[in-house]
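K.L.:
One structure follows; several queries about it will come next.
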Amino acid sequence: MSIRSNAILEVDALERRFDVSAPWLNRMIERKPIQTLRAVDGIDFVIQRGQTLALVGESGCGKSTVAKLVTGLHAPSGGKIRFHGDRDRLQMIFQDPFASLNPRWRVGRIIAEPLRTLKPDTPDDIVSARVDELLETVGLAAADRVKFPHEFSGGQRQRISIARALAGEPEFLVCDEPTSALDVSVQAQVLNLMKKLQKEMELTYLFISHDLSVVRHMADVIAVMYLGRIVEIQPTADLFANPLHPYTQLLLETIPDLEAPKRDRSPMGGEVPSPVSPPKGCTFHPRCPIAFDRCKVERPERKVEVHNRRVACFAAETKLEGPSDV
Amino acid sequence: MNDIVLDVRNLRVEFPTRKGTLTAVDDVSLQIRRGEILGMVGESGAGKSMTGMAILGLLEPPGRIAAGSIHLSGDRIDTLDDKAMQTIRGRRIGAIFQDPLTSLNPLFKVGDQLVETIRLHTQLDKSQARERAKELMREVGIPAVDERIDNYPHQFSGGMRQRIVIALALSGEPELIVADEPTTALDVSIQAQITALLKRLCRERGTAVMLVTHDMGVIAETADRVAVMYAGRLAEVGDVDDVVRRPQHPYTRGLMGSIPSLQNEVEELQMIPGSMPRLNAIPPGCAFNPRCDHATAQCRADMPRINGAAGGVACWLATQGAPA
């Protein structure tokens with residue numbers, strides 16, 4: 001199909017398990033079993049070239065693990081990641097601009113590093129000119145190259161991270177909570193910059209965030225994660241207009257609404273269960289207001305995509321299925 | 001006027017350093033009534049936490065209150081010594097901080113920590129205090145209290161821990177609670193539970209709450225009134241509806257515009273050019289003038305102030321434009 005052919009990243013039944021067992025001796029003496037945590041439990045999605053796919057979810061849902069799997073910082077325990085692009089042109093922007101820049105390096109060296117690693121033959125004057133150009137692209141001055149990271153504010157540091165990511169002329173950027181350490185007014189500057197760069201350089205983003213309002217602003221397609229699985233994936237406008245999964249609905253309800261201050265709401269009860277021993281059946285059923293018997297025993301499987309929307313929920317499936325051919 | 005719990009007048013907090021004195025909080029006046037939640041909002045370094053710490057008497061030396069006064073239900077508290085403040089903290093002012101793990105002692109059962117705090121502030125004996133602890137835990141929504149009271153902090157989730165911290169803050173039946181970023185470390189769904197709890201307790205008990213946060217969303221949901229801080233000064237104080245929907249100060253307007261909306265899509269978020277000045281480089285006049293599109297000669301020369309305790313806008317243009 002023509003839609004598929006433009007995909008830059010295809011993730012299929014991706015899994016990542018971590019061994020969280022007690023040490024061997026304890027296991028022998030106390031007869032504790034081996035315990036594995038399924039951080040990512042069989043997820044699949046496709047990202048089209050030039051688009052932004054956002055992964056949203058609460059802490060511990062596995063969204064950052066997906067980022068690390070896609071960039072190759074973790075090896076998958078199962079499933080496939082197909083990247084239809086140049087692996088050297090895949091870069092990552094990290095959450096914490098204070099931890100992700102080497103404090104002993106000058107900014108010029110930080111930004112030049114990917115260039116020197118990926119294209120070691122580049123002459124110095126070209127590298128230098130490129131660094132100046134990159135600094136100006138992200139809204140800093142070429143003269144800033146001689147400074148150290150501590151001389152910059154959080155927002156400026158995140159611009160340096162972006163400049164560094166852009167140095168290797170990437171086509172695909174994995175952004176793991178790029179603005180959650182920043183104040184809102186600074187966040188707006190960084191988000192605008194990222195959107196502008198995407199348009200100019202035809203970048204593709206895998207955008208990871210816990211903030212639905214940020215995601216709504218940035219993403220073309222949103223995947224909602226809960227306990228290592230994607231519970232729902234839809235184009236942004238559809239997801240907000242018609243959230244299908246009860247978890248998405250509850251998430252949307254709990255976001256404070258600036259347009260309706262002093263609203264009294266009934267917050268979602270319960271908490272995310274431990275991923276080491278997730279509930280049987282649908283992992284969301286203990287918190288779900290519409291769960292029925294089937295949800296407690298059988299796990300709703302990922303469905304084949306129907307018009308780009310997919311939901312792992314028995315109740316929502318029956319609603320969706322009517323005219324489709326699945 | 002009897003229902004005014006907290007009355008802060010012209011508060012000024014200074015940090016003497018080798019390179020000169022930094023003013024972290026400058027001329028801040030606030031009032032909170034019984035049962036009212038005042039939201040203090042601002043970006044990092046705006047002085048909102050510092051104001052909270054000054055009220056709690058917990059300024060880190062060399063920080064000090066250089067001017068102004070703080071009254072708690074009519075009693076002046078900013079001039080008290082550390083020992084007198086210690087009896088006020090916990091009993092008359094409760095505190096809730098961002099990270100519930102650091103507010104609890106990991107080596108003691110939560111029940112013991114509650115009992116200790118309750119006995120410090122009341123005349124109850126051990127078993128009465130334990131009953132009171134259970135009551136408080138039930139009130140903040142902890143299930144299976146009879147078992148949970150003998151758990152250690154690490155056995156609770158983040159949201160449950162924050163509930164314990166709230167129970168601790170309530171144990172002295174305080175008139176005022178200072179909550180500094182109480183939901184920032186929590187996920188949105190848990191955050192909603194905690195703000196709903198704070199709101200309910202405040203209403204039921206008539207406790208005044210000062211809610212310090214950077215999150216305008218939390219403020220909009222929880223607070224009755226809002227004080228917006230910028231570079232250590234108040235930019236705007238008013239009813240939450242007015243400030244959120246019809247912000248007057250150019251900074252508040254920029255701040256509101258920079259928050260991505262859930263309702264309508266915009267191609268580009270509004271931006272405030274530049275960044276907040278550091279404390280050692282606050283410009284003369286209005287602290288916001290270098291970033292303001294409408295700044296005039298007056299803005300660059302004279303510092304605008306909020307007149308009256310009820311609220312207002314510290315902006316020369318807004319005061320001229322608005323009818324008196």
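The values are calculated or read from the model by the stated rules, or taken from the named source; none is laboratory data. Remember, it's a predicted structure, so these values are computed and weren't measured experimentally. Using ideal geometry, Cβ is built from the backbone for each residue, glycine included, and neighbour counts are taken over all protein chains shown.
K.L.:
Out of (1) in contact (Cβ under 8 Å) with a residue 24 or more places away in the chain; (2) away from every other protein chain (no Cβ under 14 Å); (3) polar (S, T, N, Q), what's the single condition that is false for B:Gln128?
P.N.:
Condition not satisfied by B:Gln128: (1).
K.L.:
Now a separate question. Pick out, from region A:117-233, the strands (runs of 3 or more DSSP E) lying fully within it that include 3 or more residues that are not aliphatic (A, V, I, L, M).
P.N.:
Details: elements: A:172-176, A:204-209, A:221-226.
Output list reads A:172-176, A:204-209.
K.L.:
Then there's this: Sort out which residues of region A:130-144 are within 26 Å of B:Gly45 (Cβ to Cβ) and over 26 Å from the mean Cα position of the chain (by Cα), and write them in order of number.
P.N.:
A:Leu140, A:Ala141, A:Ala143, A:Asp144, listed by residue number.
K.L.:
Within region B:276-304, track down each residue that is at pLDDT below 90, assigned to a loop (DSSP other than H, G, I, E, B) and loosely packed, with under 14 Cβ neighbours inside 10 Å.
P.N.:
Matches in region B:276-304: B:Arg278, B:Asp293, B:His294.
K.L.:
Test B:Ala185 against the criterion of being closer than 26 Å to B:Gly311 by Cα and within 13 Å of another protein chain (Cβ to nearest Cβ), and give yes or no. Before the answer, list the steps.
P.N.:
Working: closer than 26 Å to B:Gly311 by Cα: no; within 13 Å of another protein chain (Cβ to nearest Cβ): yes.
The answer is no for B:Ala185.
K.L.:
Now for a separate question. Quick check on B:Met276: is it at the interface with chain A (Cβ under 7 Å from one of its Cβ atoms), out of contact with any Leu (no Cβ under 8 Å at 6 or more places or on another chain) and in contact (Cβ under 8 Å) with a residue 12 or more places away in the chain? Can you show your working first?
P.N.:
Numbers: at the interface with chain A (Cβ under 7 Å from one of its Cβ atoms): no; out of contact with any Leu (no Cβ under 8 Å at 6 or more places or on another chain): yes; in contact (Cβ under 8 Å) with a residue 12 or more places away in the chain: yes.
In short, no.
K.L.:
Something else: With respect to A:Thr122, determine if the residue is surrounded by fewer than 17 Cβ atoms within 10 Å (Cβ to Cβ), away from every other protein chain (no Cβ under 14 Å) and touching a helix residue (DSSP H, G or I) at 6+ places or on another chain (Cβ under 9 Å).
P.N.:
Answer is yes for this residue.
K.L.:
Here is a further query. With crowded, with 19+ Cβ neighbours inside 10 Å, of a type in the set (Ser, Thr, Tyr) and more than 9 Å from chain A (Cβ to nearest Cβ) as the only criterion, which of B:Thr222, B:Thr252 stands out?
P.N.:
Unique residue meeting the criteria: B:Thr252.
K.L.:
Residues in region A:271-283: is at least one touching a residue at least 40 places away in the same chain (Cβ under 8 Å) and either within 12 Å of chain B (Cβ to nearest Cβ) or part of a helix (DSSP H, G or I) (or both)?
P.N.:
Checked region A:271-283: at least one residue is touching a residue at least 40 places away in the same chain (Cβ under 8 Å) and either within 12 Å of chain B (Cβ to nearest Cβ) or part of a helix (DSSP H, G or I) (or both).
K.L.:
Considering each of A:Glu177, A:Glu151, A:Glu169 in turn, give the residue that is acidic (Asp, Glu), within 24 Å of the chain's Cα centre (by Cα) and within 14 Å of chain B (Cβ to nearest Cβ).
P.N.:
Working: A:Glu151 fails: within 24 Å of the chain's Cα centre (by Cα); A:Glu169 fails: within 14 Å of chain B (Cβ to nearest Cβ).
Going through A:Glu177, A:Glu151, A:Glu169 in turn, just one is acidic (Asp, Glu), within 24 Å of the chain's Cα centre (by Cα) and within 14 Å of chain B (Cβ to nearest Cβ): A:Glu177.
K.L.:
Another question, if that's okay. Suppose we filter region B:262-273 for residues that are at the interface with chain A (Cβ under 7 Å from one of its Cβ atoms) and either more than 16 Å from A:Lys195 (Cα to Cα) or not acidic (Asp, Glu) (or both); how many remain?
P.N.:
First pass over region B:262-273, keeping only residues at the interface with chain A (Cβ under 7 Å from one of its Cβ atoms): B:262-263, B:268-272.
Next cut, either more than 16 Å from A:Lys195 (Cα to Cα) or not acidic (Asp, Glu) (or both) only: B:262-263, B:269-272.
Total meeting the criteria: 6.
K.L.:
The conditions are (1) modelled with pLDDT under 90; (2) of a type in the set (Ser, Thr, Tyr); (3) farther than 24 Å from A:Ala13 by Cβ, and A:Thr236 fails exactly one of them. Which is it?
P.N.:
(1) is the only condition that A:Thr236 fails.
K.L.:
Can you tell me which residue is farthest from the other protein chains (Cβ to nearest Cβ) among those in region B:194-219 that are closer than 15 Å to A:Val184 by Cβ and of a type outside the set (A, V, I, L, M)? Quick ask: steps written out before the conclusion?
P.N.:
If we filter region B:194-219 for residues that are closer than 15 Å to A:Val184 by Cβ, which is where we start, we get B:213-219.
Checking the rest, the ones that are also of a type outside the set (A, V, I, L, M) come to B:213-215, B:217.
Working: B:Thr213: 11, B:His214: 6, B:Asp215: 8, B:Gly217: 3 Å.
Among those that are closer than 15 Å to A:Val184 by Cβ and of a type outside the set (A, V, I, L, M), it is B:Thr213.
K.L.:
Restricting to region A:180-201, what's the tally of residues that are free of Cβ contacts under 8 Å to residues at least 12 places away in the same chain, of a type outside the set (A, V, I, L, M, F, W, C) and within 12 Å of another protein chain (Cβ to nearest Cβ)?
P.N.:
4
K.L.:
Go through region B:49-98 residue by residue and tally those that are surrounded by 15 or more Cβ atoms within 10 Å (Cβ to Cβ) and of a type outside the set (A, V, I, L, M, F, W, C).
P.N.:
The number of residues fulfilling the criteria is 16.
K.L.:
Now a separate question. Exactly one of (1) closer than 30 Å to A:Arg89 by Cα; (2) within 12 Å of another protein chain (Cβ to nearest Cβ); (3) at pLDDT 90 or above is unmet by A:Tyr205. Its number?
P.N.:
That leaves (2) as the condition not met.
K.L.:
Let me ask you something else. Evaluate region A:249-258: report whether one residue or more is free of Cβ contacts under 8 Å to residues at least 24 places away in the same chain, in a helix (DSSP H, G or I) and more than 8 Å from chain B (Cβ to nearest Cβ). Lay out the reasoning, then the answer.
P.N.:
Our first condition is that a residue be free of Cβ contacts under 8 Å to residues at least 24 places away in the same chain; within region A:249-258, this holds for A:249, A:253-254, A:256-258.
Subsequent filtering for residues that are in a helix (DSSP H, G or I) retains A:249, A:253-254.
Right, trim to more than 8 Å from chain B (Cβ to nearest Cβ) and you get A:249, A:253.
Yes, region A:249-258 contains at least one residue that is free of Cβ contacts under 8 Å to residues at least 24 places away in the same chain, in a helix (DSSP H, G or I) and more than 8 Å from chain B (Cβ to nearest Cβ).
K.L.:
Which residues, taken from region B:238-249, are free of Cβ contacts under 8 Å to residues at least 60 places away in the same chain and within 10 Å of chain A (Cβ to nearest Cβ)?
P.N.:
Of region B:238-249, the ones free of Cβ contacts under 8 Å to residues at least 60 places away in the same chain are B:241-247.
Matches in region B:238-249: B:Asp241, B:Asp242, B:Val243, B:Val244, B:Arg245.
K.L.:
Okay, next question. Given the criterion away from chain B (no Cβ under 14 Å), under 16 Å from the mean Cα position of the chain (by Cα) and farther than 17 Å from A:Ala312 by Cβ, identify the matching residue among A:Leu90, A:Leu55.
P.N.:
Values: A:Leu55 fails: farther than 17 Å from A:Ala312 by Cβ.
After applying the criteria, what remains is A:Leu90.
K.L.:
I'd like to know if region B:226-237 contains one or more residues that are within 23 Å of B:Thr207 (Cα to Cα), surrounded by 20 or more Cβ atoms within 10 Å (Cβ to Cβ), of a type in the set (Lys, Arg) and touching a residue at least 24 places away in the same chain (Cβ under 8 Å).
P.N.:
No.
K.L.:
Consider B:Met229 carefully, then state whether it is within 16 Å of the chain's Cα centre (by Cα) and away from chain A (no Cβ under 12 Å). Please lay out each step first, then the result.
P.N.:
Values: within 16 Å of the chain's Cα centre (by Cα): yes; away from chain A (no Cβ under 12 Å): yes.
Spelling it out, B:Met229 is indeed within 16 Å of the chain's Cα centre (by Cα) and away from chain A (no Cβ under 12 Å).
K.L.:
Can you report the number of residues in region B:168-198 which are in contact (Cβ under 8 Å) with a residue 40 or more places away in the chain, within 14 Å of the chain's Cα centre (by Cα) and over 23 Å from B:Ala129 (Cβ atoms)?
P.N.:
The number of residues fulfilling the criteria is 7.
K.L.:
If a residue has to be surrounded by fewer than 18 Cβ atoms within 10 Å (Cβ to Cβ) and over 14 Å from B:Asp150 (Cβ atoms) to count, how many in region B:108-118 make the cut? Reasoning before the result, please.
P.N.:
Filtering region B:108-118 down to residues surrounded by fewer than 18 Cβ atoms within 10 Å (Cβ to Cβ) leaves B:108-109, B:112, B:116.
With the extra rule that they be over 14 Å from B:Asp150 (Cβ atoms), the set shrinks to B:116.
Matching residues across region B:108-118 total 1.
K.L.:
Pull out all pairs, ordered by first then second residue, where Cβ-Cβ is under 8 Å, the residues are six or more apart or on different chains, the first lies in region B:27-43 and is among the hydroxyl-bearing types (Ser, Thr, Tyr), and the second is part of a strand (DSSP E or B).
P.N.:
B:Ser29/B:Val8; B:Ser29/B:Arg9; B:Ser29/B:Asn10; B:Ser29/B:Leu11; B:Ser29/B:Gly68; B:Ser29/B:Leu234
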